[in-house]
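To start, the structure itself, in structure tokens.
The values are calculated or read from the model by the stated rules, or taken from the named source; none is laboratory data. Bear in mind that the values here come from a model prediction, so they are computed numbers and not experimental data. Note: ideal-geometry Cβ built from the backbone for every residue, glycine included; neighbour counts use all protein chains shown.
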């Protein structure tokens, strides 16, 4: 009886108003995210990447192993049904050659270049830590100027943001592939996810491996990683 009375009393009016109000709040339909996937392909192995040395602007070729693995990336793209409507690559040789070996017709985008490591170019984390006497980490502590000025993680993220701004419209047409570098690709993924670029320290992307980004409903997400 209490429930029945409430259904016909002032509570019914209040409830109706509340439901109407909630309906108005929820009524705007969110814009549909693009159906295309954003695929990150890291370049194949170089001598420095094999040895764990920071490789920014130094334009190294792929090793024989790197060329073989880059060629194999074509099959991994095919297995996932990735036939890009647009492919962009860093201008550095190791990325351009990887794109070619993977069967991709790519346009150059210099914003896909690797992090500028400044004075730490060509040096391993172990060497830098020994010299500094600290547990140095590039994401936390950054780099010092050298032959090149170096970049902060935020500056790399700004470059990644520019790349994403250029490719978003193409994702409504289909998949987009970005052929680039380890650190820059990881930072780009955090920008895609709308998180701090420093969280890229918690990701890893091996040479010639893929990361596939997309959407879950309206939210950006990682579909697969280091595959």
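When 104, 144 are screened for being more than 21 Å from the chain's Cα centre (by Cα), part of a loop (DSSP other than H, G, I, E, B) and assigned by TED's automatic domain parsing to the domain that holds residue 199, only 144 passes. Remark: pairs (first residue in region 161-182, outside any helix (DSSP H, G or I); second residue surrounded by fewer than 15 Cβ atoms within 10 Å (Cβ to Cβ) and at pLDDT 95 or above; Cβ separation under 6 Å; 6+ apart in sequence or on different chains) = 173/85; 174/85. The set of residues in region 63-75 that are in contact (Cβ under 8 Å) with a residue 40 or more places away in the chain and either under 20 Å from residue 108 (Cα atoms) or in contact with a helix residue (DSSP H, G or I) (Cβ under 8 Å, 6 or more places away or on another chain) (or both) comprises 66, 70, 73.
Matching residues to (1) touching a strand residue (DSSP E or B) at 6+ places or on another chain (Cβ under 6 Å); (2) without any contact (Cβ under 8 Å) to a residue 60 or more places away in the chain:
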position: 51; (1), (2): no, no
position: 77; (1), (2): no, no
position: 89; (1), (2): yes, no
position: 114; (1), (2): no, no
position: 134; (1), (2): no, yes
position: 137; (1), (2): no, no
position: 144; (1), (2): no, yes
position: 153; (1), (2): no, yes
position: 159; (1), (2): no, yes
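For region 194-227: of the residues being closer than 22 Å to residue 166 by Cβ and in contact with a helix residue (DSSP H, G or I) (Cβ under 8 Å, 6 or more places away or on another chain), which is surrounded by the most Cβ atoms within 10 Å (Cβ to Cβ)? Result: 200.
The requirement of being out of contact with any strand residue (DSSP E or B) (no Cβ under 6 Å at 6 or more places or on another chain) and at negative phi is not satisfied by residue 109.
Scanning region 30-50 for residues that are surrounded by fewer than 20 Cβ atoms within 10 Å (Cβ to Cβ) and within 21 Å of residue 150 (Cβ to Cβ) gives a single hit, 48. Restricting attention to region 169-227, the residues being out of contact with any strand residue (DSSP E or B) (no Cβ under 8 Å at 6 or more places or on another chain) and within 22 Å of residue 92 (Cβ to Cβ) number 9. Given the structure, is residue 85 in contact (Cβ under 8 Å) with a residue 12 or more places away in the chain, under 24 Å from residue 224 (Cα atoms), touching a strand residue (DSSP E or B) at 6+ places or on another chain (Cβ under 9 Å) and surrounded by fewer than 17 Cβ atoms within 10 Å (Cβ to Cβ)? Considered against the rule, which asks whether it is in contact (Cβ under 8 Å) with a residue 12 or more places away in the chain, under 24 Å from residue 224 (Cα atoms), touching a strand residue (DSSP E or B) at 6+ places or on another chain (Cβ under 9 Å) and surrounded by fewer than 17 Cβ atoms within 10 Å (Cβ to Cβ), residue 85 comes out as yes. The residues of region 147-157 that are surrounded by fewer than 19 Cβ atoms within 10 Å (Cβ to Cβ) and either closer than 18 Å to residue 196 by Cα or outside the structural domain of residue 198 (by TED's automatic domain parsing) (or both), listed by number, are 152, 154, 155. Got at least one residue in region 32-40 being modelled with pLDDT of 95 or more, out of contact with any strand residue (DSSP E or B) (no Cβ under 8 Å at 6 or more places or on another chain) and closer than 25 Å to residue 209 by Cβ? No - not one qualifying residue is present in region 32-40.
For first residues located in region 199-227 and in a loop (DSSP other than H, G, I, E, B), partners that are at pLDDT below 95 and lie 6+ apart or on another chain with Cβ distances below 9 Å form the pairs 217/30; 217/33; 218/30; 218/31; 218/32; 218/33. Somewhere in region 158-179, is a residue at pLDDT 95 or above, surrounded by 15 or more Cβ atoms within 10 Å (Cβ to Cβ) and closer than 21 Å to residue 50 by Cβ? Among the residues of region 158-179, at least one is at pLDDT 95 or above, surrounded by 15 or more Cβ atoms within 10 Å (Cβ to Cβ) and closer than 21 Å to residue 50 by Cβ, which makes the answer yes.
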